[in-house]
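K.L.:
Can you keep this structure in mind? I'll have questions shortly.
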Amino acid sequence: MQEKKIIKVTDKIIHIKDIHSVGIIGDPGCEGLGTYNMKIYAGALEESAKDDITIVAGDLVPAGNKSYYRKIQDITEELAGNNVYVLRGNHDTGDYTEYFGEKNYALIAEKFTIIVLDNAMRVFDNEGLMLLSQVLAMDEVKQAVITFHIPVPNNFIKNSVTEEEFSRLKKAYNPWKDKVKYMVCGHVHSLFEDNVDGIPLICTGGGGAMIEDVSENIRACDVEHHIIHLYEEEGVLKHNVANLPDDCYNRERKDFVLKGQLEETVKGELMAHLKYLMFAERARRRGMDKIANLFDALAASEYYHARNFYSVLERPASFMESAGTFIPGEKFEYNYIYKTMEEYAGNHQSPLAKQAYQGAAVAEKEHARLLESVRDMESFTEENIYVCPICGYIMEGEDIPERCPVCGGPQRQFERFQAEQGKGDL
């Protein structure tokens, strides 16, 4: 039988040998266990496999029922490259102990100790604080890391335990404060480092959940998905942040058969997406808004299916470099594919296909121009983009024509895409 990777903790104090480093993953599952999110967690597990053990700093699941716990357990067992220990987050309710065991425990290695405390309900329980004092009092414990889910009060966010709760924690560790080298938490879907009560605090929530703005100084666009490496070097406990590239996991792409089937599945889901959208338009023209609404929802569902399958295959560049990677495809379409197919359709008495390729080629050329303008994303300032719903031609700015220059569609039908002020600004 294959040895389990997720350790169900049954003892409060565990001595572990040959441990010199630990990877810490924050908040992989609180926003759902769909493939799109789990790809980040898969990449985090692969990165954390470089360490001797892994700790997940809470919120493995969106809610604490058996089906979610089984799903995250199965994914972790399949992908983890070392033993995985877990601490409880505010989403990890219900059956947590059945799957992961004790909520307060200590891992004592030769050079450092990890003390796991449960504060998922925004309070440290007495059992955990007593354990903290007991472990820190041990002569063999020289360097300690205190880990928990909800941050203690700090200089960046108010989403923390109260000062009163922090006082209870400080009272428990204060006689041995010099042994506490780090406090590490999750909960906040970002990354920041602070110093609280003279102790370095690392807040990491970049293991799967969507990164959020923390403050004016720590914006979502400034933080990547990541894990924390804690390690001992010449007797000193240190850390570094390992950002996870967008192309952080590729196991399925290595299977030739599965890769081909996934590509076909993506095409099928996108065809269904388009089919339902077009039927929704037909229903709306007939005044059947409820039917149109249903098919809009079906189309959205098919898109998310396609996104999940495609996320397994996708090999994106880093975000700030991504816009430029789309340009060659646009140019190839309008210079070769669409031009060739336009000529073929014309020679084979297929005027509608010819017209479609002709109009699309003009739009694709405009796509390439716009993509060129966002190679430097920080310099792009255009807030209003318009698309002709008749032929798909795209226009930017306010000085747009009364009719589409490609098909003649009226301006009143143009679909306007307007950037929200302050949203996603770089």
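The values are calculated or read from the model by the stated rules, or taken from the named source; none is laboratory data. Please read these numbers as outputs of a predicted model, since none were measured by experiment. Glycine gets a Cβ as well: all are built from the backbone with ideal geometry, and neighbour counts include every protein chain shown. Just so you know, the surface numbers come from the protein's heavy atoms only, side chains and all, with ligands and any DNA or RNA stripped out. Shrake-Rupley method; radii C 1.70, N 1.55, O 1.52, S 1.80 Å.
K.L.:
Mind running the shape call on region 58-153? Use the C-alpha gyration tensor, a ≥ b ≥ c as the square roots of the eigenvalues: rounded below 1.5 for a/c, prolate if a/b tops b/c, oblate otherwise.
P.N.:
Oblate, since a/c reaches 1.5 and b/c is not below a/b.
K.L.:
Roughly how many Å² is the accessible area per residue of region 1-115, as a whole number, for a 1.4 Å probe?
P.N.:
39 Å²
K.L.:
Which angle from 0 to 90°, rounded to the nearest 10, does the C-alpha axis of helix 338-347 make with the longest principal axis of the chain?
P.N.:
Helix 338-347 sits roughly 30 degrees off the main axis of the chain.
K.L.:
Under a 5 Å amide H to amide H cut-off, with H placed in plane at 1.01 Å, what residues pair with Phe192 once short-range neighbours are removed?
P.N.:
Excluding prolines and chain starts, which carry no amide H, the hits are Cys203.
K.L.:
Give me, ordered by chain and number, the residues 5 or more places off Val56 or on other chains with an amide H under 5 Å from its own placed amide H.
P.N.:
Under 5 Å from the amide H of Val56 lie the amide H atoms of Ile25, Tyr85, Val86, Leu87, each far enough along the sequence or on another chain.
K.L.:
So, one more: Give the percent of DSSP beta bridges with both residues in region 145-268 that are antiparallel, rounded to the nearest 5.
P.N.:
The answer is about 70 percent antiparallel.
K.L.:
Sticking with this one: What list of ³J(HN,Hα) values in whole Hz, one per residue of region 218-232 in order, does the Karplus curve 6.51 cos²θ - 1.76 cosθ + 1.60 (θ = phi - 60°) give from phi, with Gly and Pro shown as x?
P.N.:
These are the phi-based 3J(HN,Hα) values: 10, 9, 4, 5, 9, 10, 9, 4, 6, 9, 10, 9, 10, 8, 9 Hz.
K.L.:
Output the relative contact order of the chain, whole-number percent, from Cα pairs under 8 angstrom with separation of 6+ residues.
P.N.:
Averaging sequence separation for qualifying contacts and normalising by length gives 12 percent for the chain.
K.L.:
Once volume of the Cα convex hull per residue in Å³ is worked out from the coordinates, which option in [x] 126; [y] 161; [z] 188 does it equal?
P.N.:
[z]
K.L.:
Summarise the accessible area of region 267-334 (1.4 Å probe, protein heavy atoms) by the percent that is carbon and sulfur. Please report the intermediate quantities before stating the final value.
P.N.:
On the way: 2850 of 4640 Å².
Result for region 267-334: 61 percent of the exposed heavy-atom area is carbon or sulfur.
K.L.:
Okay, next question. Could you report region 216-325's accessible area per residue, 1.4 Å probe, as an integer in Å²?
P.N.:
That works out to 65 Å² for each residue.
K.L.:
Take the solvent-accessible surface of the protein heavy atoms, probe 1.4 Å, and return the percent of it on region 344-397 that carbon and sulfur atoms account for.
P.N.:
C and S fraction of accessible area: 53 percent.
K.L.:
Specify whether the C-alpha gyration tensor of region 1-131 places it in the rounded, prolate or oblate class, a ≥ b ≥ c being the square roots of the eigenvalues: rounded for a/c under 1.5, otherwise prolate if a/b is larger than b/c and oblate if not. Intermediate results must be reported in sequence, preceding the final value.
P.N.:
Details: a/c = 1.69, a/b = 1.12, b/c = 1.51.
Note, shape of region 1-131 comes out oblate.
K.L.:
I'd like the Karplus ³J(HN,Hα) series for region 169-176: coefficients 6.51, -1.76, 1.60, θ = phi - 60°, whole numbers in Hz, and an x wherever there's a Gly or Pro.
P.N.:
3J(HN,Hα) across region 169-176, in whole Hz: 5, 4, 4, 6, 9, 4, x, 10.
K.L.:
Still on this model: Please give the helix 35-48 orientation as an angle from the longest Cα principal axis of the chain, in degrees from 0 to 90, rounded to the nearest 10.
P.N.:
40 degrees
K.L.:
Taking the chain as a whole, which cysteines find no other cysteine Cβ under 4.7 angstrom from their Cβ?
P.N.:
Cys with no partner Cβ under 4.7 Å: Cys30, Cys185, Cys203, Cys221, Cys248.
K.L.:
Under the rule of at least 5 residues apart or a separate chain, name every residue whose amide H is placed under 5 Å from the amide H of Ala49.
P.N.:
Result for Ala49 returns Gly81.
K.L.:
Leaving out ligands and nucleic acids, note down the accessible area per residue over region 118-185 with a 1.4 angstrom probe, in whole Å².
P.N.:
46 Å²
K.L.:
A further question on this structure: Could you sort 234-243, 201-210, 89-98 so that the peptide with the highest average Cβ count within 10 Å comes first and the rest follow in order?
P.N.:
Top to bottom by mean Cβ count within 10 Å: 201-210, 89-98, 234-243.
K.L.:
Under the Karplus relation 6.51 cos²θ - 1.76 cosθ + 1.60, θ = phi - 60°, what is the ordered set of whole-Hz ³J(HN,Hα) values for region 236-253, x standing for Gly and Pro?
P.N.:
Per residue, the Karplus-derived 3J(HN,Hα) values read 10, 7, 10, 8, 8, 9, 10, 6, 9, x, 4, 9, 9, 8, 9, 4, 5, 5 Hz.
K.L.:
For region 130-164 and region 295-345, write down the distance between their C-alpha centroids in whole Å.
P.N.:
48 Å
K.L.:
Quick one: net charge around Lys12, please, counting Lys, Arg +1 and Asp, Glu -1 for every other residue with C-beta under 11 Å from its C-beta.
P.N.:
Net local charge, Lys12 excluded: -2.
K.L.:
Moving on to the next point. Out of Arg412, Arg168, Arg251, any idea which swings most in a Gaussian network model of the chain, alpha carbons joined below 10 Å?
P.N.:
Sorting by GNM fluctuation, first place goes to Arg412.
K.L.:
Share of region 1-81's accessible area from carbon and sulfur, percent, 1.4 Å?
P.N.:
Answer for region 1-81: carbon and sulfur cover 48 percent of the accessible area.
K.L.:
To the nearest 20 debye, what is the magnitude of the charge dipole of the chain about its Cα centre, counting +1 on the Cβ of each Lys and Arg and -1 on the Cβ of each Asp and Glu?
P.N.:
Details: 47 positive and 69 negative charges, 229 e Å.
Dipole about the Cα centre, nearest 20: 1100 debye.
K.L.:
Also, I was wondering about something else. Restricting the count to DSSP beta bridges whose residues both fall in the chain, what percent are antiparallel, rounded to a multiple of 5?
P.N.:
Roughly 55 percent of the DSSP beta bridges within the chain come out antiparallel.
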